[in-house]
Amino acid sequence: MTAETPLSPHADGLHIGNSLTREKERFVPINAPYVGMYVCGPTVYSNVHLGNVRTFLTFDVVYRYLLHLGYKVRYVRNITDVGHLTGDTDDGEDKIGKKARLENLEPMEVVQRYTNDFHDVMRVFHILPPSIEPTATGHIVEQIGMISDIIDNGFAYESNGSVYFDVRKFADDHDYGALSGRRIDELQNQTRALEGQNEKRDPLDFALWKKADSSHLMQWPSPWSEGFPGWHLECSVMSTKYLGKTFDIHGGGMDLKFPHHECEIAQNIGAHGGDRPVRYWLHGNMLTVNGRKMSKSEGNGFTPEELITGNHKLLEKGYSPMTVRFFMLQGHYAGTLDFSNPALQAAEKGLERLMSAWGTLNTLQPVEGPEACPDLDALKNRAYAAMNDDFNTPVLIAVLYDAVKAINSMASGRMSVTAEGIALLQALFADFAHDILGLEPEMPEGGGHDRTDGLMEVLCAVRAEAKANKDWATADLIRDRLVELGVQIKDGKDGTSWTFD
RNA sequence: GGUCUGGUGGCCGAGUGGCUAGGCUCAGCUCUGCAAAAGCUGCUACAGCGGUUCGAAUCCGCUCCAGACCUCCA
């Protein structure tokens, strides 16, 4: 996208399900055509799992669609490399520090290893890299600055070298809990009087800065102590640094809604004032497996690599990244999605049919006169309508299948299409299947190598000769042996075509 | 216990107050030497119980169930 790219006329119709208001709202950027989007990235202390992939895939499609509409998107997705404590409490151990200690590594070795893994996974699933991928450790200075601002504004206090956000004070004038639907008094009742909480004025308060003891592997100097920043702080700091004090979209997994995102809002307002630092909050829902929550303790979680190789007891076979991507897009991001072998196999077959018709599109012969096929413009408009309705990819895919049906009918002569119609269909697939859904053929259709093509033509010619002589044994032998090699033979009206599995 | 999100046909999954997505599976048919592919047809669902309505799967209430987060526990 260049600055000259005009905004698509369809951009006006985009509606987004806003978690903050619980309403589907028309998307109006603060400063069109520019859009700022922040998504909470992974904590890099272990391999990413499939639930992570789903979240990042969700926002990948959001990003792709905004780009397609002509927006100039600055997409910031962070890497959490310090501050995320085990148990998500304020007195746990740093997840990365713990891993480093257990494996006798430098914390930054842990960070690098799993950042690399994360990037590899994103790549195989065709998830586009963000515009900026900042790290928490790269923004310690800014985090200290933001803490100072919050203290100056009276919303945080120092206690024994640590700094805590004063939730009660904040809640006097602001709606703490607005995003997650929690009420502060109910939270109060549910919070038990923990040991070691005596540094806090109130159990609801959360850490902005933690004083570190000498055993802590990662620590930095600050006005308050040698220590490290609280987990929620980095996202406030990095989002406002790169997107401004008020920006358009903030995304993340549903599980981050509380307390992480709630605290982010409080921090932003506590530091900069205002009342709504983020216009649209989007939350991707969770992935379940065979109807049960995916978790390591139940042994039903698997890594992307296990999924692709099929090397896991719950997997009947391996599934390609595109199959998984397509499968996930067949459900809406805001709902839970159940991951099962039959569902994956269905997606695999469905994707194959979709891709196959996409390939067929290039072989269609146009007619001169009036075409006999469904209204292709209507198809395109339905595709936009689907995406404009809170990124409804399942409905978009249904529209694409209507196109598939039309293409196959055109190929077999039951329908006809003009050159203009073919171009429209090609644009439909290029825009929606490729650019927006991020689907690509994983194997070159029909080889693409001259020598392979030549060999196949020879074989098909020999087989055609055998068929002409009603030598079915020879014809079937060629076909069966090719199937064993993963080459599928299809006898059509206009001759024989072939595809690789 | 609290907050939130869901419960749709054999499976996965959209959706709107009335005109019953889509994919996969299964059965039949067409095409085909036989297949494969493709097309056509069929299988017609909305957790349960009430209520609102001319009409609800779609709105309201209650019940049951599942999941997430908080809590608890480790």
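The values are calculated or read from the model by the stated rules, or taken from the named source; none is laboratory data. Since we're looking at a predicted model, the values are computed, not measured. Counting neighbours? That spans all protein chains shown, and the Cβs are built from the backbone with ideal geometry, glycine included. The protein model used for the area step is the full one, side chains on, heavy atoms only, and it has no ligands, DNA or RNA in it. Shrake-Rupley method; radii C 1.70, N 1.55, O 1.52, S 1.80 Å.
Placing +1 at every Lys and Arg Cβ and -1 at every Asp and Glu Cβ, with all other atoms neutral, what dipole size does region A:55-132 have around its Cα centre, in debye to the nearest 20? Walk me through the numbers on the way to the answer.
Numbers: 10 positive and 12 negative charges, 114 e Å.
Using only the charged Cβ atoms, the result is roughly 540 debye.
Packing-wise, with mean Cβ within 10 Å as the measure, how do A:377-386, A:399-408 rank, highest first? Don't skip to the end; give the middle numbers.
Working: A:377-386: 17.1, A:399-408: 19.4.
Going by the mean number of other Cβ atoms within 10 Å, highest first, we get A:399-408, A:377-386.
Using a Förster distance of 56 Å, how high is the FRET efficiency between A:Asp185 and A:Tyr401, based on the Cβ-Cβ distance and rounded to 0.05? Working from the Cβ atoms, E equals 0.65.
About its Cα centre, what dipole magnitude does region A:288-436 give when the only charges are +1 on Lys and Arg Cβ and -1 on Asp and Glu Cβ, stated in debye to the nearest 20?
580 debye
Carbon-plus-sulfur accessible fraction, region A:288-436 (probe radius 1.4 Å, protein heavy atoms only): 52%.
When every alpha-carbon pair in chain A is counted, what percent end up more than 42 Å apart?
So the portion of pairs separated by more than 42 Å is 29 percent.
Projecting label points 7 angstrom from Cα along Cα→Cβ for A:Val28 and A:Thr309 puts them 5.3 nm apart.
For chain A, the residue among A:Pro277, A:Leu66, A:Tyr157 whose Cα projects farthest onto the positive side of the dipole built from Cβ charges is A:Leu66. Packing, as the average of other Cβ atoms within 10 Å across residues, places the peptides A:465-472, A:268-275, A:61-68 in the order A:61-68, A:268-275, A:465-472, highest first. Accessible surface computed residue by residue for chain A, with neighbouring protein chains in place and a 1.4 Å probe, gives 47 Å² per residue.
Could you calculate the FRET efficiency of A:Leu485 with A:Glu109 from 1/(1 + (r/R0)^6), where r is the beta carbon distance between them and R0 is 56 Å, rounded to 0.05? Intermediate results must be reported in sequence, preceding the final value.
Numbers: r = 44 Å, r/R0 = 0.79.
So the FRET efficiency works out to roughly 0.80.
Placing unit charges on the Cβ atoms of the charged side chains and taking the dipole of region A:30-284 about its Cα centre, the candidate lying farthest along the positive direction among A:Gly97, A:Trp220, A:Gly138 is A:Gly138.
When the chain is fully extended, how far beyond the present Cα-Cα distance does A:Ala473 get from A:Ser8, taking 0.36 nm per residue of separation? Walk me through the numbers on the way to the answer.
On the way: separation 465, 0.36 × 465 = 167.40 nm, distance 5.74 nm.
Extra length available between A:Ala473 and A:Ser8 comes to 161.7 nm.
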